[in-house]
Amino acid sequence: MQLSKVVIADLSSVHPDTFIDPQQMRRGVQPGAQPGCAQSGLGERAGGSLPVAPGDVQRRPPQYAPYHLRLDWLMWFAAMSSPMYHEWFVPFVVKLLEADARTLRLLRSDPFSGARPRFVRATLYLYRFTTPREHRETRAWWVRSRVEEYMRPVGLRAERAA
């Protein structure tokens with residue numbers, strides 16, 4: 001599968017939220033996991049944040065122009081519909097479960113510290129820029145609120161059998 005074909009397919013039916021005013025809200029998918037945890041023990045710990053997309057609300061939004069980083073771009077579109085419409089998403093999660101070094105380099109840092117996670121899930125968040133007052137009070141750039149589970153916790157079959 002070539003990821004460039006996925007981007008073209010996603011762009012062929014542009015969602016109304018695609019190019020919104022930056023002062024408005026933005027949806028984002030955040031993959032996350034905890035190494036060796038039981039499925040019921042998955043907390044709200046953030047996983048691998050992307051280099052440019054919102055994630056850490058305290059991190060100043062970087063400018064990365066004139067191009068978009070491919071994974072950030074794909075995750076932006078993924079937040080607009082179910083994972084079943086994004087054929088690249090499940091293979092991406094499998095690579096995270098395998099702690100694939102090439103895939104982990106696409107993230108800001110390795111959220112698993114070199115260990116293979118037992119389960120990975122994805123959560124859909126709604127982001128908006130803080131107001132000037134909120135920014136002065138909290139030093140945060142974003143306000144993030146959880147919308148729903150984007151993908152339930154999943155693991156590799158060999159890992160689940162152990």
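Laboratory data are not the source of any read-out in this text; all were calculated from the coordinates shown. Because the structure is predicted, anything quoted here is derived from the model rather than measured. No Cβ is skipped: glycine too gets one built from the backbone with ideal geometry, and neighbour counts run over all protein chains shown.
Quick notes on this one:
- The residue that is surrounded by the most Cβ atoms within 10 Å (Cβ to Cβ), among those in the range 77-92 that are of a type outside the set (Ser, Thr, Tyr) and either touching a His at 6+ places or on another chain (Cβ under 8 Å) or within 26 Å of Val143 (Cα to Cα) (or both), is Ala78.
- Of all the listed residues (Pro61, Pro66), the sole one being out of contact with any helix residue (DSSP H, G or I) (no Cβ under 6 Å at 6 or more places or on another chain), surrounded by 11 or more Cβ atoms within 10 Å (Cβ to Cβ) and either among the charged types (D, E, K, R) or not in a strand (DSSP E or B) (or both) is Pro61.
- Failed item, numbered, when Arg105 is tested on (1) of a type outside the set (Asp, Glu); (2) crowded, with 18+ Cβ neighbours inside 10 Å; (3) within 28 Å of Arg157 (Cα to Cα): (2)
- Residue that is surrounded by the fewest Cβ atoms within 10 Å (Cβ to Cβ) [pool: residues in the range 126-145 that are touching a strand residue (DSSP E or B) at 6+ places or on another chain (Cβ under 6 Å) and not aliphatic (A, V, I, L, M)]: Ser145
- Phe112 being in contact (Cβ under 8 Å) with a residue 40 or more places away in the chain and over 13 Å from Val154 (Cβ atoms): yes
- Residue within the range 117-124 that is out of contact with any strand residue (DSSP E or B) (no Cβ under 6 Å at 6 or more places or on another chain) and over 18 Å from Met75 (Cα atoms) present: yes
- Which numbered condition Thr123 fails, given (1) surrounded by 13 or more Cβ atoms within 10 Å (Cβ to Cβ); (2) assigned to a loop (DSSP other than H, G, I, E, B); (3) not charged (D, E, K, R): (2)
- Taking the range 69-120 as the range and being basic (Lys, Arg) and either assigned to a loop (DSSP other than H, G, I, E, B) or within 11 Å of Ala53 (Cβ to Cβ) (or both) as the test, the residues that pass are Arg105, Arg108, Arg116, Arg118.
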